[in-house]
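Each reported figure results from applying straightforward, stated rules to the coordinates on display, with no laboratory input. Everything quoted here is computed from the prediction, not taken from an experiment. Here Cβ is always computed from backbone atoms with ideal geometry, including for glycine, and neighbour counts include all displayed protein chains.
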Amino acid sequence: MNLKSYYIPELFRRYFEFWSEETATGFTVEHARFKPEFFGEGYKIFEEYAGNILQKITCDEIMTHLDAVSEKFADPCYVRRIIAVEAVSKATGFSVESCARSIDLEFASSRMPEMAAALRNEFGDYTVLDGFIKNDNLKGYTKAIPNSPVFAVCSSNIPALPHLSIMRAFMTKNALILKTSSQEPFFTPLYMDALADVGSALAECAIVVCYKSAEHSITDKILERAKTVVAYGGIETESYFSKKVVHPKKLIMHSHKLGFGVIGKDFIGCMNSRQLSELAAKIVFDAATFEQRACLAPHVYFYNTSGNPDIDEFARYLIVEFEKEEKKMPPAALDPAQSYRRRSFIDSQIFSDSVESVFESGSKRSAVILGSPKDFPVSPLNRTLFLVPFVKNGEVVARLTPLSGYFQNASLNVVADGLAFWLEELPKLGVSRICPAGHMPKPTMMWHHDGMPALAEMVRFIDIEVFDSNAFKL
């Protein structure tokens, strides 16, 4: 299979060098490297060229083009999707079924209605991105201006996720340079190729490159002209960009975060066996979809033992559903070191004073660890879920508080009378999204990722105030 780790519009290919290599997985991969001339004249020419295209096209037209590509990737028979599933699976270890599910989830929330809803959610009248619109509150007019160019740095923990950075840049009319993960550089070029396939001028408005994160000299040169930076990564990545991206540049940093779930008092006490299986299946879906490698996924479910079935009984329901899930969506392939670390972690829990039982699937590739650790239990990922009993809600908060600010998604499953407590406490812990079990991997485009506007952060505004409505012909 021949693949590219880059996407470069034809007009700008003269600013790059190209070479190919064979990978251990049997791919022939063509790479691109910046020539010094790009950081001289090329960067400025790209910014102006892409900016002109984006200003001449309306938001509705942009969304129509993006929707056409989403429709293609939602089709299991689309050739670029087929290539992407195989390539991403071999590059990351995710099963092909897992990659396919991830693409389905990503593009189900990337259609025209969802995009329009996200724009309205943050801008109200999103034609503010097309030009000045009347603003009665100002007695004048308002316009949103792209904070361009955007530099996006992507991760590989969720298959197909990088397309979201492209969509957000284009929906706010920003030219984009995107650095893919060197572990998985294939999906993004395929997505941009699909934009070219549908004849969209947006295909001229992004450059996709792949290089090692340690090559800071390249990143530093890109940052010199970038006005908005979107980055995914851990503590080191966050530290690097927080030092490099200073006012008036804008940093939108998505650092590593944790997810968890709560089953409250009396929530499942009246459920029959079928209903308990359905709830367990939803929890397993949350944990298995991205192999717990995403900020959306749960590491632990806190289980109130008051008015609910015995916790051991529910743990067995979870393992049954993990067994079923393995048949539908096989777990990721782990390298020997990853497999050893996971196995060692689970085996160590058997001898932990805080652990009561360890339940595993027949393959030992899924596990439920039942116990009462003093602190928040962070799993070794890859379908290893803690189930922690509690009686008083304050017990859960006490475990969560030391990691306040590191939480993202909470699955809340409580009766109506227990809702108020959690809606007061979870925001204090930095949680930015609350949903029921079975919805953790399926956020809408309207979600304020890390508590920030996903789109409005990528523009600036200009206002015309205190003028009679007839003063301007806008």
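Put a dot 7 Å past the Cα of ASP104, heading toward its Cβ, do the same for GLU424, and the two dots end up 4.1 nm apart. The distance separating the Cα centre of region 405-456 from that of region 1-49 comes to 39 Å. Taking 13 Å as the straight-line reach from the Cα of LYS374, the aspartates and glutamates in range (excluding those fewer than 8 positions away in the same chain) are ASP353, GLU395. Pull out a ≥ b ≥ c, the square roots of the eigenvalues of the alpha-carbon gyration tensor of region 258-443, then state rounded if a/c is under 1.5, prolate if not and a/b is larger than b/c, and oblate in the remaining case. Here region 258-443 falls in the rounded category. Placing unit charges on the Cβ atoms only, positive for Lys and Arg and negative for Asp and Glu, gives region 258-443 a dipole magnitude near 520 debye about its Cα centre. Using alpha carbons only, how many degrees (0 to 90, rounded to 10) separate the axis of helix 235-244 from the longest principal axis of the chain? It works out to around 30 degrees.
Taking the Cα centre of region 31-126 as reference, the dipole from Cβ charges on Lys and Arg (+1) and Asp and Glu (-1) amounts to some 400 debye.
For the pair ILE235 and ASP197, label points projected 7 Å from Cα toward Cβ lie 4.3 nm apart.
Kindly provide log₁₀ I(q)/I(0) values, in the same order as q = 0.26, 0.27 Å⁻¹, from the Debye equation applied to equal alpha-carbon scatterers of region 281-351. Treating every Cα as an identical point scatterer, log10 I(q)/I(0) equals -1.33, -1.32. Dipole of region 201-333 computed with +1 at Lys/Arg Cβ and -1 at Asp/Glu Cβ about the Cα centre; of LEU318, PHE260, ILE207, farthest Cα towards the positive end is ILE207. Panel order for TRP447, TRP19, by other beta carbons found within 10 Å of each beta carbon, from fewest to most: TRP19, TRP447.
Centre-to-centre, using Cα atoms only, region 124-159 and region 189-214 are separated by 21 Å. If I take R0 = 35 Å and measure r between the Cβ atoms of MET446 and SER182 in this structure, what FRET efficiency does the formula 1/(1 + (r/R0)^6) give, to the nearest 0.05? Once rounded, the FRET efficiency stands at 0.65. Phi angles across region 372-377 convert, under the Karplus curve 6.51 cos²θ - 1.76 cosθ + 1.60 with θ = phi - 60°, into 3J(HN,Hα) values of 10, x, 5, 10, 5, x Hz, Gly and Pro given as x.
This ranking places THR28, THR64 by how few other beta-carbon atoms lie within 10 Å of each, fewest first, which gives THR28, THR64.
Region 337-359 and region 257-274 have Cα centres lying 24 Å from one another.
On the beta carbon distance between ARG120 and ILE53, with R0 = 22 Å, the FRET formula returns roughly 0.35.
Here's the list of lysines a cross-link from LYS134 could span, going by alpha-carbon distance under 22 Å and ignoring same-chain residues fewer than 8 apart: LYS56, LYS143, LYS173, LYS473. Listed by chain and number, the aspartates and glutamates whose C-alpha is less than 13 Å from the C-alpha of LYS90, apart from same-chain residues fewer than 8 away, are GLU184, ASP335.
Magnitude of the charge dipole for the chain, about its Cα centre and with charges confined to Cβ atoms of Lys, Arg (+1) and Asp, Glu (-1), is about 580 debye. Per residue, the chain reaches -11500 deg cm²/dmol at 222 nm when only DSSP H runs of four or more residues are counted, each adding -39500 (n - 2.57).
The stretch between ILE82 and ALA337, if pulled fully straight at 0.36 nm per residue, gains 88.9 nm over its current Cα-Cα span.
Peptide packing for 264-272, 186-194 was compared via the average number of neighbouring C-beta atoms within 10 Å per residue; ordered from the highest value, the list is 186-194, 264-272.
According to the square roots a ≥ b ≥ c of the eigenvalues of the Cα gyration tensor, what is the shape class of region 26-175, taking rounded for a/c under 1.5, prolate for a/b larger than b/c otherwise, and oblate for the remainder? Oblate, since a/c reaches 1.5 and b/c is not below a/b. By the count of neighbouring beta-carbon atoms within 10 Å, fewest first, CYS205, CYS435, CYS295 end up ordered CYS435, CYS295, CYS205. I'd like the orientation of helix 311-328 relative to the chain: the angle between its Cα long axis and the longest Cα principal axis, in ° from 0 to 90, rounded to 10. Roughly 50 degrees, rounded to the nearest 10. In region 258-443, taking the dipole from charged Cβ atoms about the Cα centre, the farthest positive-side position among PRO336, PHE386, THR305 is held by PRO336. The simple spin-label model puts a point 7 Å past each Cα toward its Cβ; for LEU403 and SER372 those points are separated by 2.0 nm.
Comparing THR28, VAL358, CYS77 along the charge dipole axis of the chain, the residue lying farthest to the positive side is THR28, per the Cβ-charge model.
Counting every C-alpha pair in the chain, the share spaced more than 40 angstrom apart comes to 25%. Principal-axis analysis of the Cα atoms of the chain puts helix 112-123 at an angle of about 80° to the longest axis. Note on ASN272 and LYS212: with the Förster distance fixed at 51 Å, the Cβ-Cβ geometry gives a FRET efficiency of about 0.40.
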